[in-house]
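The values are calculated or read from the model by the stated rules, or taken from the named source; none is laboratory data. Please read all numbers here as calculations on a predicted model, not as lab measurements. Here the Cβ is made from the backbone with ideal geometry for all residues, glycine too, and neighbour counts use every protein chain on show. To get the accessible areas, we keep the full protein, side chains included, count just its heavy atoms, and leave off ligands, DNA and RNA. Shrake-Rupley method; radii C 1.70, N 1.55, O 1.52, S 1.80 Å.
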Amino acid sequence: WAPPTQRLDPVPSHGTGFAPYFIPLALWVGALMTYFIARPLSGRALAATLSDADVAFAGLWPGAVVTSLQAVVLVAVLELTLGLHPVEPLALLGFALVSAFAFTAILQFLSAALGTAGKFVAIVLLMAQLTSSAGTLPLQTMPRFFQLINPWLPMTYVVSGLRQAISGGDLRALAMDTLVLLGFAALGVVGTILTAHRRRMWTMDRLKPVVTMQ
């Protein structure tokens with residue numbers, strides 16, 4: 001005899017269970033590829049009389065448009081082609097758009113502040129997030145290092161929020177994950193604004209004068 005059980009927020013397939021893990025992977029790579037092609041900060045905008053914030057947003061909005069379209073296509077393919085049936089389809093789409101925007105803001109900052117090295121840092125961050133976001137295994141089963149960095153990385157909250165939207169659960173947790181992601185996006189935007197300000201300051205190292213002895 002076995003006691004009766006009740007399934008809360010059932011997950012019908014492995015694909016549904018792994019969707020919250022692979023969606024942020026696709027969104028992060030999409031944002032990274034966007035800034036492999038687009039400039040995070042326009043040289044023309046830096047040379048103009050625009051404010052530092054306007055310069056930052058001039059580099060952000062094209063990337064945000066591209067990654068938003070990617071998020072819409074990704075969700076549409078999952079639902080219409082691959083048979084994903086989220087409990088909250090509108091919440092899934094909205095949260096995917098917020099996640100795409102947050103990733104775009106972060107990767108714009110890394111690309112603007114560090115240049116080519118920023119893209120390398122973005123790849124390292126992706127690897128750290130894939131192993132620490134608890135997308136495949138419970139956090140408690142992971143090594144201590146990954147448990148420590150888990151709360152400090154944005155993909156942790158994307159995985160959590162997607163689980164709520166896809167399989168059901170606490171919508172208040174989804175709202176909290178959304179707020180945290182908006183916080184990450186704000187940090188990325190502020191970092192890019194500061195980088196634009198720094199790029200406009202001319203120093204002797206940037207001028208690199210040529211000194212010759214006659």
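Rounded to whole Å, the principal axis extents of the Cα atoms in the chain read 99, 37, 28, largest first.
Would you compute the Debye intensity of the range 95-185 from its alpha-carbon atoms alone, equal scatterers and no solvent, and pass along log10 I(q)/I(0) at q = 0.15, 0.16, 0.17, 0.23 Å⁻¹ to two decimals? Rounded to two decimals, the profile gives -0.59, -0.67, -0.75, -1.18.
Taking chymotrypsin sites (Phe, Trp or Tyr not before Pro) as exposed when their DSSP state is a loop state and no more than 11 other Cβ atoms lie within 10 Å, the longest site-free interval of the chain runs over 2-201. Potential lengthening of the chain between Leu90 and Met127 amounts to 10.4 nm, from the contour at 0.36 nm per residue minus the alpha-carbon distance. Give me the angle, in degrees from 0 to 90, between the Cα long axis of helix 89-114 and the longest principal axis of the Cα atoms of the chain, rounded to the nearest 10. That helix lies at roughly 30 degrees to the long axis.
Over all orientations, the range 122-161 has a Cα convex hull whose mean projected area works out to 2.6 square nanometres. What base-10 log of the normalised intensity I(q)/I(0) is obtained for the range 138-192 from the Debye formula, alpha carbons as equal point scatterers, at q = 0.18, 0.19, 0.30 Å⁻¹? Normalising to I(0) and taking log10 leaves -0.68, -0.74, -1.09.
The residues His197, His85, sorted by heavy-atom accessible surface at 1.4 Å with ligands and nucleic acids left out, run His85, His197 from largest to smallest. For the options Val77, Val66, Val190, a Gaussian network treatment of the chain with springs between C-alpha atoms closer than 10 Å singles out Val77 as fluctuating the most. Working from Cα pairs under 8 Å separated by at least six residues, relative contact order for the chain is 28 percent.
Between Phe22 and Ser42, residue separation times 0.36 nm minus the direct Cα-Cα distance comes to 4.0 nm.
How large is log10 I(q)/I(0) at q = 0.13, 0.15 Å⁻¹ when the Debye formula is applied to the Cα atoms of the range 44-105, each weighted equally and without solvent? These q points yield log10 I(q)/I(0) values of -0.46, -0.55. Springs between Cα atoms under 10 Å define the GNM used for the chain, and in it the highest mean-square fluctuation of Ala117, Ala71, Ala19 occurs at Ala117.
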